[in-house]
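Taken together, the values in this text are just the output of simple stated rules run on the coordinates, not laboratory data. Computed from a prediction, not measured in an experiment: that's the story for all the values here. Cβ sites come from the backbone with ideal geometry, for glycine too, and all protein chains shown count toward neighbours.
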Amino acid sequence: MGDANSSPQSGWPIGWVDTHIHLLPGLDDGPADMEAALAMAETAIADGTTHVIATSHANHQWGYQPERVAELREQMQASLGDRLRLAAGCELHLSFENVQAALANPRLYSLNGSRYLLCEFPEFFERTSMGKALEDFRRLGVSPVLAHPERNPVFQQHPNTLLDYLRLGCYAQVTASSFGGRFGKRAEQFSAELLQRGWAHIVASDGHSAERRAPRLSRAYDFIEKEAGTETAQALCSGNPMAILLDQELPYAPSLAESKRKGLWSRLRS
Ligand SMILES: [Fe+2]
């Protein structure tokens, strides 16, 4: 899945880099056909996105088809020309079978063939055994990118479990619209909290369509800039995701402090 063309070396300007977007047509609950996929790409372009990693679901409902993904990526890139740079990967649901398959061949599943693997947690999971799976990935040099932890009830109730996973060398990818409340009050509060603590490393759209679940990052950027400053906003929407695309170390990864404000976590749980 590695794509030497998916780099900014060609001199393309870098805007938003969206590392979680269900863009390729007919593979999952993203766009049904190429026309809808191209409309979705136009929404991303209009919002200032210059690079995406198209991540179709790899779960019990939608099997991952790397060859088909590569084919569709090429077709879409040809239609879009130099207006949006497309790379590909998948959103790996952490079922037992998927974990075993990805441990056997991590770069088949990873983001643009990099060390970074986009992982979707089941809504409820056993924390210790999941931690062991993440350790297994780390031993292979894989860096799990945890998709939308702010939306997961286990992380919402046990934020220090997320901290444990981040300490293993995982990264947290927050959905852009969580900051605006799209996934409810609890996810909204938790996303702001992750940002404040320096536990949020990447923002991505998790876009599924041109309008309803649109691939936009601008509003999240504005929110982060206001709350945490321009440098952090740039890092989350552009710098860190570009490093993922290029298989480089993340430039922004603050040190991880223990959760001290117990009262706040309690408020989140209530
Ligand atoms: Fe997703």
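Here the range 157-220 was treated as a single set of alpha-carbon atoms; its pair distances binned every 5 Å from 0 give 4, 18, 27, 24, 15, 9, 3, 0 percent.
Each principal axis of the Cα cloud of the range 1-158 was evaluated for its coordinate range; sorted largest first, these ranges are 46, 27, 27 Å. Centre-to-centre, using Cα atoms only, the range 10-83 and the range 167-185 are separated by 21 Å. Legend: ranking of residues Tyr252, Tyr221 from fewest to most surrounding C-beta atoms inside 10 Å; resulting order Tyr252, Tyr221. Taking Cβ atoms as reference points and 13 Å as the exclusive limit, the residues near Phe121 contribute a net charge of -3, counting Lys and Arg as +1 and Asp and Glu as -1. Diffusion of the range 80-238 by Stokes-Einstein, at 20 °C in a medium of 1.002 mPa s and with Rh set to the Kirkwood radius over alpha-carbon pairs, works out to 133 µm²/s.
Taking the Cα centre of the chain as the origin, how large is its charge dipole in debye, to the nearest 20, when only Lys and Arg (+1) and Asp and Glu (-1) carry charge on their Cβ atoms? Could the numbers behind the result be given before it?
Details: 26 positive and 32 negative charges, 217 e Å.
With Lys and Arg at +1 and Asp and Glu at -1, about 1040 debye.
At the listed q of 0.10, 0.14 Å⁻¹, the Debye profile of the chain, built from one uniform point per Cα, gives log10 I(q)/I(0) equal to -0.45, -0.92. Among the chymotrypsin sites (Phe, Trp or Tyr not before Pro) in the range 27-96, none is located in a DSSP loop while being surrounded by at most 10 other Cβ atoms within 10 Å of its own Cβ. Think of the range 12-269 as a dipole: +1 on every Lys or Arg Cβ, -1 on every Asp or Glu Cβ, centred on the Cα centre; then among Val203, Gln75, Phe179, Phe179 lies furthest on the positive end. Helix 127-139 axis versus longest C-alpha principal axis of the chain: approximately 50°, rounded to the nearest ten. Remark: the Arg219-Arg138 segment gains 25.9 nm on full extension, using 0.36 nm per residue and subtracting the alpha carbon distance. The charge dipole of the range 171-262, taken about its Cα centre with unit charges on the Cβ atoms of Lys, Arg (+1), Asp and Glu (-1) only, comes to about 520 debye. Under 5 Å between amide hydrogens, built in the peptide plane, is the criterion, and for Thr49 it picks out Trp16 among residues at least 5 positions away or on other chains. Of Ala147, Ala192, Ala133, which has the largest mean-square fluctuation in a 10 Å C-alpha GNM of the chain? Maximum fluctuation in the GNM of the chain, among the listed residues, is at Ala133.
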